[in-house]
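Got a structure for you, questions after.
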Amino acid sequence: MAVATTLQDYLDRWGVKYDVVPHSRTDSSLKTAESAHVSGEKLAKCVVTEDYRGYLMVVVPASHQVEFSLLDDQLDRRLALATEQELTDIFSDCELGAIPPLGEAYGIDVALDNSLLNCGDVYFEAGDHTELIHLSGDDFRDLMAGAERGQFSRHL
């Protein structure tokens, strides 16, 4: 599988320069970081949540875990994980577990953890379990300009 079509169209529309980084097939974001020789602090992963207001994509480093109590308190929401079926429906051009963290490309609101704001380079899933997208931290921050921001994760 190549880069997800929705993701590729979105990056091209924004004129973002990026590299595709191949890696061996993995089943977790930390293993992906290790396989691609990338710091888990620079690998952005997403957790898709929902409540009565709709879906919210929470973006944190691969080396972190979402703290739902912090997230709920900071955003004044009561979020729960979206189901696998919902993820399959929304991200139809992605493999389950390899969703890119650019929710806007898929019409989903985003909350970005502050721990990703100072990265010089950022990596994230390209839509499958064998490729990452690499782009500059500046471009990543530009793409995340509309995201809610806060500290809602803890280091593993």
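Given +1 on the Cβ of Lys and Arg, -1 on the Cβ of Asp and Glu, and no further charges, what dipole in debye does the range 11-141 carry about its Cα centre, rounded to the nearest 20? Working shown, then result.
On the way: 10 positive and 25 negative charges, 46 e Å.
Dipole size: approximately 220 debye.
Is the shape of the chain best called rounded, prolate or oblate, per the rule: a/c under 1.5 gives rounded, else a/b larger than b/c gives prolate, else oblate, with a ≥ b ≥ c the square roots of the Cα gyration tensor eigenvalues? Let's see the in-between values first.
On the way: a/c = 1.37, a/b = 1.26, b/c = 1.09.
Judged from the Cα gyration tensor, the chain comes out rounded (a/c under 1.5).
Can you list the residues, at least 5 places off or on another chain, whose amide H is less than 5 Å from the amide H of Glu95, using H built in the peptide plane?
Asp128
Also, I was wondering about something else. Through the Karplus equation 6.51 cos²θ - 1.76 cosθ + 1.60, θ set to phi - 60°, convert the phi angles of the range 107-124 into ³J(HN,Hα) values in whole Hz; use x for Gly and Pro.
Each residue's phi maps through the Karplus curve to give x, 10, 5, 10, 10, 10, 6, 4, 5, 9, 6, 10, 6, x, 9, 10, 10, 7 Hz.
If you don't mind, there's one more thing I want to ask. What 222 nm value per residue comes from the helices of the chain, counting each DSSP H run with n ≥ 4 as -39,500 (n - 2.57) and dividing by all residues, nearest 500 deg cm²/dmol? List each step's numbers first, then the result.
Working: 5 runs with 39 residues, N = 156.
One gets -6500 deg cm²/dmol as the mean residue ellipticity at 222 nm.
Loop-only trypsin sites (Lys or Arg not before Pro) in the range 18-119, please: DSSP not H, G, I, E or B, and at most 13 other Cβ atoms within 10 Å.
Values: sites: Arg25, Lys31, Lys42, Lys45, Arg53, Arg77, Arg78; in loops: Arg25, Lys42, Arg53, Arg77, Arg78.
Passing sites in the range 18-119 are Arg25, Arg53, Arg78.
Using modelled amide H (1.01 Å from N, peptide plane; none on Pro or chain starts), what sits under 5 Å from the amide H of Val110, excluding residues fewer than 5 places away?
Long-range HN contacts for Val110: Met57, Glu148.
Moving on to the next point. Roughly how tilted is helix 5-14, in degrees to the nearest 10 and between 0 and 90, from the longest Cα axis of the chain?
90 degrees
Coordinate-derived values only; no laboratory data. Computed from a predicted structure; not experimentally measured. Reconstructed Cβ throughout: ideal geometry from the backbone, glycine too, with neighbour counts over all protein chains shown.
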